[in-house]
Amino acid sequence: MFKLIKQLANHKELINLKNLNKVICYLQNGELLSALKRIQRKIEIFDKSTVREHYYLNDCLYQSEYVELLDTVDIIIPIYNAYEYTEKCLKTIYQNTNSAYNLYLINDCSTDKKIDELLLRVESQKKPQWLKQLYIVNNIENMGFIGTVNKGMSMSNNDIVILNTDTEVPMGWLQRIMQPILKNEYVASVTPFSNSATICSFPKFCEDNALPKGIDVNTIDALFENFGSGAIVDIPTGVGFCMAMSRKCIKEIGVLDEVYGKGYGEENDWCRRAVRAGYTNTMITNLFVYHKHGASFGEIITKSKQDRINENLQILTKRYPDYQNVIDEYILRDPVQDIRLFMEVLLERNIRKSVKAELIINHSLGGGAATYVKRKIEDNPEKVFFLMELMPDGKTLKVTTHNMLSLRELFFDFQKTDKTFLRRLCSAFQIEYIFINQLVDYPLGKIVSMILEANLPYVFFVHDFYCVCPRYNLLNSEFKYCKQEKSVDVCNKCLHSYLLCKDIEYWRKQFFRLLAQANRVITPSRNTTNIIESYYPSINIETIEHRIPESIYVTYNEIFESNEVFHISVLGAIGIEKGARILDELVKLIQENRDNIKITVIGYTDIYPNAYVNKSRMLEVTGAYDNRDVSDLLARYKTNIVLIPSICPETYSYTVSEAIYSGYKVLAFNMGAPADRIRETGMGWLVDEVSSEALYKMIVNIRKQQ
């Protein structure tokens with residue numbers, strides 16, 4: 001217990017009303033161990049989903065607010081050959097710059113005469129409205145990249161952008177790249193996302209990426225502008241292919257250092273110099289600039305590229321001994337990883353927009369609801385699914401992609417969402433349909449408003465009785481089946497200790513809003529339909545049973561009836577509502593009467609979460625198992641009957657169907673869908689009294705009959 005308390009102290013984010021409420025319910029009924037196991041499970045789920053620090057992506061769903069760019073910005077382009085790239089670069093600047101700028105085109109003695117012709121054409125043609133001054137400069141002698149850029153910087157009096165000729169800029173780029181400098185006078189440099197920009201590369205981090213086939217720069221950038229977030233991220237150094245630089249910082253620390261010769265490391269040196277002077281280097285996440293990489297100034301390398309890199313890196317690290325550590329730390333932390341993942345999903349959806357997409361809303365607690373989701377996704381490989389789950393901290397909302405090129409996990413701060421969140425999310429990912437699989441753990445009023453505001457067709461699937469009562473298994477405050485209580489006063493009295501809802505009328509009004517506007521309301525059994533209809537008689541409800549997986553097949557063998565030991569198997573994860581207390585009492589009764597009976601839990605209980613065998617060997621717990629192996633496992637343990645000790649009316653029960661279709665008879669209490677299925681198939685026995693004594697008597701009778 002002390003270990004668990006210490007763990008909980010390190011997980012303060014899990015201490016919230018929702019989780020406290022569940023623990024209190026267990027403690028009120030003397031179920032301390034169940035309460036502790038519930039806490040442990042919450043911690044494990046949360047840790048599994050937060051193995052690294054995540055960036056919450058809420059801002060990606062809202063348009064960035066811009067500070068107006070009033071001053072003219074100087075764009076400096078050093079040119080050496082690369083005619084086709086230079087022509088394309090200038091074309092995109094003219095077409096896509098909609099803020100005031102001066103343009104400095106500095107020809108560093110290009111050997112390709114077409115560059116001279118290009119510059120003459122540019123000089124003679126009509127200037128776009130946002131171009132204030134055009135400066136075309138021809139170096140008398142080759143100065144190299146650094147010298148050429150410095151020449152432009154010395155001619156300029158404004159904030160600047162250094163732009164390589166092998167870049168293509170999108171519409172509205174200048175306004176966006178200048179935002180960090182406009183918002184903070186101590187920002188030295190700004191770098192955007194690019195396909196080839198080391199620590200600012202997309203989609204693969206620190207790699208050169210090709211553009212997806214058939215996708216142009218403006219299409220990709222439109223996604224970044226609309227959904228890339230207005231985040232301004234501190235980075236250790238800017239990347240010189242397209243880098244905005246503050247005039248204030250240039251005045252203070254000077255221009256690029258020409259000790260780096262023909263180039264490599266000069267912008268890194270300048271950026272680290274800026275940091276020493278109290279400035280920061282930043283990256284913006286709502287701009288994508290294409291970079292061919294290596295096409296500008298490529299022909300003037302007099303040494304091998306790697307030799308030049310090694311030589312300049314030695315200079316850089318000698319001046320800034322912490323440089324490599326700072327870079328390595330940033331790469332390890334990778335603070336924009338989640339934004340890149342988000343943008344990857346958007347880009348793939350844009351490319352595959354003809355593929356239908358569906359949002360599934362679910363809890364994060366596993367169980368039958370999670371099994372249903374898994375099978376639903378597997379059964380529809382032609383469709384894209386986004387699975388939304390609220391984590392145990394009540395804050396972290398995880399959205400997982402399925403049936404896409406890769407599985408990606410995206411995270412949002414649910415506490416900072418408003419009712420427009422789902423509408424924005426579905427619009428971003430081109431989601432056409434919502435499947436409500438489970439709403440347990442979501443704040444009810446908030447999630448209902450979100451779903452209705454999304455204005456999309458949706459299905460509500462009934463996995464439990466949450467739409468009837470916050471105690472979703474219809475067990476009252478004494479952990480007994482309430483027999484579908486309808487009295488408001490009785491219900492509210494039962495909920496008196498329930499921290500999240502004490503008003504059953506409010507609860508059912510919220511769910512009625514949701515059910516009434518659903519395209520379909522589906523239950524997995526007729527028994528469940530009858531119960532839901534008794535509360536919402538005007539709602540049209542369909543009954544569609546879960547399918548039985550192909551892995552289930554008959555393994556029962558009559559030879560098991562000659563077992564010296566009578567083998568009872570219990571399937572699944574057995575918590576208190578699934579009969580953990582009943583099971584514990586049943587084992588004690590068997591031991592007291594010294595019956596030659598063995599109970600094997602194929603799965604685990606809230607008392608025994610891992611493999612376990614008691615001293616008398618009358619109880620064995622196997623631990624977690626693969627559902628696809630159920631039929632074989634029942635045979636392996638020479639099962640005579642399968643016991644379902646659940647004390648609540650289950651809406652379906654996979655384990656009942658798995659047992660019956662594997663050829664084994666089932667013993668259960670006379671309630672819920674399992675009872676109906678046993679009656680319909682004749683595959684088992686039902687006990688009216690919910691107690692371990694009643695189960696024991698039935699087991700003794702069954703054994704006598706065999």
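A few remarks follow.
- Residues that are under 10 Å from residue 242 (Cα atoms) and either outside any strand (DSSP E or B) or charged (D, E, K, R) (or both), drawn from segment 151-164: 164
- Residue within segment 662-680 that is under 43 Å from the mean Cα position of the chain (by Cα), outside any loop (DSSP other than H, G, I, E, B) and among the hydroxyl-bearing types (Ser, Thr, Tyr) present: no
- Within segment 465-487, being open to solvent by less than 30 Å² (accessible area, probe 1.4 Å) and either within 16 Å of residue 442 (Cα to Cα) or touching a Ser or Thr at 6+ places or on another chain (Cβ under 7 Å) (or both) holds for 465, 466, 467, 468, 469, 470, 471.
- Flag if residue 406 is crowded, with 21+ Cβ neighbours inside 10 Å and modelled with pLDDT under 95: no
- Criterion violated by residue 620 - all others in (1) of a type in the set (D, E, K, R); (2) at pLDDT below 95; (3) in contact with a strand residue (DSSP E or B) (Cβ under 9 Å, 6 or more places away or on another chain) satisfied: (2)
- Residues of segment 467-486 that are under 21 Å from residue 515 (Cα atoms) and either polar (S, T, N, Q) or touching a strand residue (DSSP E or B) at 6+ places or on another chain (Cβ under 9 Å) (or both): 467, 473, 474, 484.
- Picking from residues in segment 443-464 that are modelled with pLDDT of 95 or more and assigned to a loop (DSSP other than H, G, I, E, B), the one that is surrounded by the most Cβ atoms within 10 Å (Cβ to Cβ) is 462.
- In segment 376-399, the residues that are at pLDDT 90 or above and either touching a His at 6+ places or on another chain (Cβ under 8 Å) or open to solvent by less than 10 Å² (accessible area, probe 1.4 Å) (or both): 377, 384, 385, 386, 387, 388, 389, 390, 391, 396, 397, 399
- None of 568, 602, 576, 559 is farther than 30 Å from residue 378 by Cα and modelled with pLDDT of 95 or more except 568.
- Residue match in segment 41-61 (condition: within 26 Å of residue 263 (Cα to Cα), at pLDDT 55 or above and outside any helix (DSSP H, G or I)): no
- Some residue of segment 427-438 being more than 30 Å from residue 529 (Cβ to Cβ), open to solvent by 10 Å² or more (accessible area, probe 1.4 Å) and either touching a helix residue (DSSP H, G or I) at 6+ places or on another chain (Cβ under 9 Å) or of a type in the set (A, V, I, L, M) (or both): yes
- Flag if residue 629 is touching a helix residue (DSSP H, G or I) at 6+ places or on another chain (Cβ under 8 Å) and of a type in the set (Asp, Glu): no
- Residues located in segment 109-139, provided they are exposed (fewer than 11 other Cβ atoms within 10 Å of the Cβ) and either touching a residue at least 12 places away in the same chain (Cβ under 8 Å) or under 20 Å from residue 69 (Cβ atoms) (or both): 111, 129
- Screening residue 491 on (1) over 33 Å from the mean Cα position of the chain (by Cα); (2) part of a loop (DSSP other than H, G, I, E, B); (3) of a type in the set (A, V, I, L, M, F, W, C); (4) surrounded by 14 or more Cβ atoms within 10 Å (Cβ to Cβ) shows it passes everything except condition (2).
- In the set (1) assigned to a helix (DSSP H, G or I); (2) of a type outside the set (A, V, I, L, M, F, W, C); (3) open to solvent by less than 10 Å² (accessible area, probe 1.4 Å); (4) more than 20 Å from residue 426 (Cβ to Cβ), the condition left unmet by residue 338 is number (4).
- Test: residue in segment 171-180 that is on the phi < 0 side of the Ramachandran plot, within 32 Å of the chain's Cα centre (by Cα) and not in a helix (DSSP H, G or I): yes
- Selected residue (criterion: surrounded by the most Cβ atoms within 10 Å (Cβ to Cβ)) from residues of segment 561-599 that are under 37 Å from the mean Cα position of the chain (by Cα) and in a helix (DSSP H, G or I): 580
- Test: residue in segment 192-202 that is in a helix (DSSP H, G or I), open to solvent by less than 20 Å² (accessible area, probe 1.4 Å) and out of contact with any Lys or Arg (no Cβ under 9 Å at 6 or more places or on another chain): yes
- Whichever residue in segment 545-555 is modelled with pLDDT under 95 and open to solvent by 70 Å² or more (accessible area, probe 1.4 Å) and, among such residues, is nearest to residue 513 (Cα to Cα): 545
The values are calculated or read from the model by the stated rules, or taken from the named source; none is laboratory data. Computed from a predicted structure; not experimentally measured. Using ideal geometry, Cβ is built from the backbone for each residue, glycine included, and neighbour counts are taken over all protein chains shown. Each accessible area value is taken on the protein alone, full model and side chains, heavy atoms only, with ligands, DNA and RNA left out. Shrake-Rupley method; radii C 1.70, N 1.55, O 1.52, S 1.80 Å.
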